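**Student:** Dumping the structure here so I can ask a few things about it.
Every number here is computed from the coordinates shown, using simple stated rules; none is lab data. These figures come from a predicted structure and were not determined experimentally. Quick reminder, even Gly has a Cβ in these numbers, built from the backbone with ideal geometry, and neighbours come from all protein chains shown.
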């Protein structure tokens with residue numbers, strides 16, 4: 001990148017060309033503001049335990065951030081790490097305030113990598129939908145259980161020891177479209 005600088009010399013103006021040491025990666029404007037707003041919205045949306053929805057069997061929130069922001073290669077890894085940590089923290093908070101119920105209630109964070117925008121917090125009401133949720137093996141979609149749990153080490157995030165972790169490799173194949181990602185479920189998974 002080349003930057004032109006104007007320099008005043010004895011009443012005249014001199015144009016000087018300076019080579020920049022910039023890597024060509026433009027900065028995202030308002031990163032801290034966007035990150036803080038996202039964390040605030042996640043916290044607000046999970047401040048109260050959701051009402052049981054037995055018709056659907058679940059309640060969920062997707063990441064309240066722009067896909068262009070959170071999945072951009074320009075977004076610093078530290079922002080993505082804060083996002084993952086916030087989702088884990090809010091799952092722990094919801095588990096701690098979970099009401100007594102006759103039906104099993106499970107609270108889970110679904111961290112999707114590399115496309116973090118697809119991540120969500122899910123509350124399952126009852127076992128039927130919970131069991132069927134993980135049955136994703138058909139001609140268009142396949143989930144393979146990952147044997148190693150490395151999300152915590154790779155992203156240097158903290159998960160309380162009472163939260164279980166399961167990882168899946170997700171493969172989606174539909175006509176000309178192919179996609180592979182990792183899904184990490186953290187919370188009441190067993």
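**Student:** Taking only C-alpha pairs under 8 Å that are 6+ residues apart, what is the relative contact order of region 46-187 in percent?
**Tutor:** Details: 222 pairs, mean separation 37.5, N = 142.
Computed value for region 46-187: 26 percent relative contact order.
**Student:** Going by average Cβ density within 10 Å per residue, which order do the peptides 160-173, 127-140 take, highest to lowest? Spell out each step's value before the answer.
**Tutor:** On the way: 160-173: 14.6, 127-140: 12.1.
Top to bottom by mean Cβ count within 10 Å: 160-173, 127-140.
**Student:** Using packing as a proxy for protection, rank 42-48, 98-104 so that the peptide with the highest average count of other Cβ atoms within 10 Å comes first. Intermediate results must be reported in sequence, preceding the final value.
**Tutor:** Values: 42-48: 14.0, 98-104: 9.6.
By packing density, highest mean first, the sequence is 42-48, 98-104.
**Student:** Rounded to a whole number, what is D in µm²/s for region 46-187 from Stokes-Einstein with the Kirkwood radius over alpha-carbon pairs (20 °C, 1.002 mPa s)? Numbers along the way, then the final one.
**Tutor:** On the way: Rh = 16.1 Å.
Approximately 133 µm²/s, per Stokes-Einstein.
**Student:** Kindly provide the pair-distance distribution of region 68-122 built from C-alpha pairs, with 5 Å bins from 0 and whole-percent values in order of increasing distance.
**Tutor:** Spelled out bin by bin, region 68-122 gives 4, 18, 25, 19, 13, 9, 7, 3, 2, 0 percent.
**Student:** Based on alpha-carbon centroids, what's the gap between region 48-110 and region 116-190 in Å, whole number please?
**Tutor:** 13 Å
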